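A.B. asks: Here it is, the structure in full.
The values are calculated or read from the model by the stated rules, or taken from the named source; none is laboratory data. Quick caveat: nothing in here was measured; it's all calculated off a predicted structure. Cβ sites come from the backbone with ideal geometry, for glycine too, and all protein chains shown count toward neighbours.
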């Protein structure tokens, strides 16, 4: 590593901590929480029982993990914890994320400020941008083909981590160790432009991100158009049940499944008043709306369960490491 991340080969801690010296440099130089990774792999280290929720700024964590496994990898959590957004350009499924991103920017006449980036072992690129303090938004996997936006709840591998990459020449096969490599220095990291954060919040995903979804969302975290406006002239005949379920889920997600002030029901009834009622009976409408309410209530319960699990995970961080942050991406 070079620049402000340069490590003196004569550093007395290198034989004992190995890559932990670099992890400590990220903590001390940039104030970042770091996440140890399994040796030559991308997943969180086995000692980090709650994964990214245990990422820490405390140097005692470095001693605890890298003192046992000096060649554990180094992960950098993204999102609010470190005020980072990373554009992850991969080579996946025949798609070249670098080229997809270049074409996307060129086609919309968008630009990004120059800044540091990391070459990944697979040949992809990680472009780093600062976020304003406190700005939260979920990660956006597959926002474009082979393009991920790593934000809240995400992390990326960072130098000097090495990953085992499989190879084969048709007769022989094996693994080769390839490292992440900085181009530029993270101390020169630019602020994410407004259009990029808007894109992260609002753009629909291309799919396949694994986040799941509900009938009231667009998948991957993008905002869905207000369906009371989309269906202002009524639900389309032939799709009324499906569209009513979608509309009701969106309204109960907005106002809560309890709908204490009747705002969701009022919005739904406003659309139904404009909908052709022929063959679309009130009992059928009631069943669909009730199903949507029950579905969103179950989603609320799952969110509460996940929030409680997150709080428990953060509370379980070994006290000597210090509980340095509270996850926000489930809120």
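A.B. asks: Considering each of 264, 248, 232 in turn, give the residue that is at pLDDT 90 or above, out of contact with any strand residue (DSSP E or B) (no Cβ under 7 Å at 6 or more places or on another chain), surrounded by fewer than 14 Cβ atoms within 10 Å (Cβ to Cβ) and not assigned by TED's automatic domain parsing to the domain that holds residue 82.
C.D. replies: Numbers: 264 fails: surrounded by fewer than 14 Cβ atoms within 10 Å (Cβ to Cβ); 248 fails: surrounded by fewer than 14 Cβ atoms within 10 Å (Cβ to Cβ).
Of 264, 248, 232, the one residue that is at pLDDT 90 or above, out of contact with any strand residue (DSSP E or B) (no Cβ under 7 Å at 6 or more places or on another chain), surrounded by fewer than 14 Cβ atoms within 10 Å (Cβ to Cβ) and not assigned by TED's automatic domain parsing to the domain that holds residue 82 is 232.
A.B. asks: Additional query: Restrict the check to segment 139-148 and report whether at least one residue is in contact with a helix residue (DSSP H, G or I) (Cβ under 7 Å, 6 or more places away or on another chain) and farther than 21 Å from residue 201 by Cα.
C.D. replies: Filtering segment 139-148 for residues in contact with a helix residue (DSSP H, G or I) (Cβ under 7 Å, 6 or more places away or on another chain) gives 140, 144-147.
Filter again for farther than 21 Å from residue 201 by Cα, leaving none.
No, segment 139-148 has no match at all.
A.B. asks: Now for a separate question. Test residue 130 against the stated conditions and say whether it is out of contact with any helix residue (DSSP H, G or I) (no Cβ under 7 Å at 6 or more places or on another chain) and free of Cβ contacts under 8 Å to residues at least 12 places away in the same chain. So that I can check it myself, show each step before the final result.
C.D. replies: Values: out of contact with any helix residue (DSSP H, G or I) (no Cβ under 7 Å at 6 or more places or on another chain): yes; free of Cβ contacts under 8 Å to residues at least 12 places away in the same chain: no.
Against the criterion (out of contact with any helix residue (DSSP H, G or I) (no Cβ under 7 Å at 6 or more places or on another chain) and free of Cβ contacts under 8 Å to residues at least 12 places away in the same chain), residue 130 does not qualify.
A.B. asks: Something else about it: Do we have any residue at all in segment 184-193 that's exposed (fewer than 12 other Cβ atoms within 10 Å of the Cβ) and farther than 29 Å from residue 41 by Cα? Spell out the reasoning first.
C.D. replies: Of segment 184-193, the ones exposed (fewer than 12 other Cβ atoms within 10 Å of the Cβ) are 187.
Next, only the ones that are farther than 29 Å from residue 41 by Cα stay: none.
No, there is no match, as no residue in segment 184-193 is exposed (fewer than 12 other Cβ atoms within 10 Å of the Cβ) and farther than 29 Å from residue 41 by Cα.
A.B. asks: Also: Which is in contact (Cβ under 8 Å) with a residue 24 or more places away in the chain, more than 14 Å from residue 155 (Cβ to Cβ) and surrounded by fewer than 16 Cβ atoms within 10 Å (Cβ to Cβ), of 97, 107, 67?
C.D. replies: Working: 97 fails: surrounded by fewer than 16 Cβ atoms within 10 Å (Cβ to Cβ); 107 fails: in contact (Cβ under 8 Å) with a residue 24 or more places away in the chain.
Within the list 97, 107, 67, the selection yields 67.
A.B. asks: Right, here's the next one. Listed residues 36, 15; which is in the same structural domain as residue 163 (by TED's automatic domain parsing), in a helix (DSSP H, G or I) and over 23 Å from residue 188 (Cβ atoms)? Lay out the reasoning, then the answer.
C.D. replies: Details: 36 fails: in a helix (DSSP H, G or I).
Just one listed residue meets the conditions, 15.
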